[in-house]
Amino acid sequence: GGSAMAAVRDVEIDPEGTFKYILVHLQRPGGGEQRDIVRGTKAAEFHNHIFEKVNPEMEKLGYECKCLGGGKIEHNSKDKKIRVFGLSTGYGKADHSVTVEILKKEYTDYEITWSDDKK
């Protein structure tokens, strides 16, 4: 059944502002289905705060989580623009191009860009 996987949203980010994000790889133990998800929020002072919240939620659903890295997201809902940049000190830099592809699935009418800029 793909029902649990379907219940997990590809993207959960704040609707506005600039905030930290992480790219998380989900996998069924023993190799079944797998996918990457994006999580970001202003509420997180550090990248690991996001992971510490996501990890137990996903474990309950039967997934193993691995943080693939992090960065920042600048979400401008008024202009329908998202910019992905920066890195996580603890987890390293996520592959922002992967993050952008995931964001595009959710924010289909947005202009979404990424760079390796720190700010």
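The values are calculated or read from the model by the stated rules, or taken from the named source; none is laboratory data. Everything numeric here is computed off the predicted structure, so don't read it as measured data. As a convention, Cβ positions derive from the backbone with ideal geometry for all residues, glycine included, and neighbour counts pool all protein chains shown. Note: areas computed on protein heavy atoms with side chains; ligands, DNA, RNA excluded. Shrake-Rupley method; radii C 1.70, N 1.55, O 1.52, S 1.80 Å.
Restricting region 9-70 to chymotrypsin sites (Phe, Trp or Tyr not before Pro) that sit in a DSSP loop and have at most 15 other Cβ atoms within 10 Å of their own Cβ leaves 46.
If both residues of a DSSP beta bridge must be in the chain, then about 75% of such bridges are antiparallel. Counting only aspartates and glutamates at least 8 places from residue 53 when in the same chain, those with an alpha carbon closer than 18 Å to its own are 10, 12, 14, 36, 45, 64. Solvent exposure of residue 97, expressed as accessible area, is near 40 Å², computed with a probe of 1.4 Å over the protein chains only.
Using only side-chain charges placed at the Cβ, +1 for Lys and Arg and -1 for Asp and Glu, the dipole size of region 11-115 relative to its Cα centre rounds to 120 debye. Applying both filters, DSSP loop and at most 15 other Cβ atoms within 10 Å, to the trypsin sites (Lys or Arg not before Pro) of region 3-49 gives 9, 42. Toward the positive end of the charge dipole of region 11-115, with +1 on the Cβ of Lys and Arg and -1 on the Cβ of Asp and Glu, the farthest Cα among 69, 87, 54 is that of 87. Note on region 11-115: with neighbouring protein chains present and a 1.4 Å probe, carbon and sulfur make up 50 percent of its accessible heavy-atom surface. Pairing the Cα long axis of helix 47-60 with the longest principal axis of the chain, what angle in degrees results, from 0 to 90 and rounded to the nearest 10? Relative to the chain, helix 47-60 is tipped by roughly 30 degrees.
Applying a DSSP loop filter and a limit of 10 other Cβ atoms within 10 Å to the GluC sites (Glu not before Pro) in region 1-103 leaves 45. Multiplying the residue separation of residue 35 and residue 53 by 0.36 nm and removing their Cα-Cα distance gives an extension gain of 4.7 nm. Relative to the longest principal axis of the Cα atoms of the chain, the long axis of helix 96-106 makes an angle of roughly 80 degrees. Couplings 3J(HN,Hα) for region 114-119, derived from phi with the Karplus relation 6.51 cos²θ - 1.76 cosθ + 1.60 (θ = phi - 60°), are 9, 7, 8, 4, 7, 10 Hz, where x marks Gly and Pro.
Our note on the geometry: Cα centres of region 9-39 and region 74-93, 14 Å apart. When volume of the Cα convex hull per residue in Å³ is calculated for this entry, the matching label among (i) 148; (ii) 87; (iii) 100 is (iii). Partners of residue 119 within straight-line reach, counting lysines whose Cα lies under 18 Å from its Cα and excluding those fewer than 8 residues away in the same chain: 20, 42, 72, 81, 93.
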